[in-house]
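Where a number appears in this text, it was derived from the coordinates with a stated rule and is not lab data. These numbers were taken from a predicted model, which means no experiment stands behind them. Reconstructed Cβ throughout: ideal geometry from the backbone, glycine too, with neighbour counts over all protein chains shown.
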Amino acid sequence: MEKVYPITLQVAPGEKAFALYEITEQPPDNSGMHRYQIILVNRGDRLAEYRIDMGKGSLWKHKRFINIPSLWVHSIAELQFIAEQIRNEPMQDELDIAELMDNNGQVVKCF
């Protein structure tokens, strides 16, 4: 079950945030899947959600999903900058198996 937060309609770029993440879901007008950037901020000592509609989900099909915890360390502008950097990294597995093997295909490194 997904957690539901109250919404806020305004944020400031320098405002500290709890987290930033991006999801794909159906917009209220049922116009097809859209990608949303969601920023959790403090409103009255409670988490509140600020949403940015990033457009049709198909435009983001080959982009990474973003989930950046901040715990009030980073500002909204900083989190959005970090998200942009992560989103534009090439899609690949986080672990390159070839780096763990020797020339004979034997695993030589473990984590």
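In order along the range 5-13, phi translates into HN-Hα couplings of 10, x, 9, 10, 9, 9, 9, 10, x Hz, rounded to whole numbers, per the Karplus curve 6.51 cos²θ - 1.76 cosθ + 1.60 with θ = phi - 60° and x for Gly and Pro. Shape analysis of the range 19-100 based on the Cα gyration tensor places the equivalent ellipsoid semi-axes at 25, 20, 10 Å, largest first. Over the range 1-43, all Cα pairs binned in 10 Å intervals from 0 give whole-percent P(r) values of 21, 51, 25, 2, listed from short to long.
Here Lys61 and Lys3 are evaluated by their C-beta separation; at R0 = 25 Å the FRET efficiency comes out at 0.45. Go ahead and collect, in residue order, the members of the range 60-80 whose backbone nitrogen is under 18 Å from a label point 7 Å along the Cα-Cβ direction of Arg87. The answer is 60-70, 75-80. Among Met54, Ile76, Pro28, whose Cα sits farthest toward the positive end of the charge dipole of the range 19-100 (+1 at Cβ of Lys/Arg, -1 at Cβ of Asp/Glu, about the Cα centre)? With unit charges placed on the Cβ atoms, the residue in question is Pro28. Each Lys and Arg contributes +1 and each Asp and Glu -1, all at the Cβ; summed about the Cα centre of the range 1-75, the dipole is approximately 220 debye.
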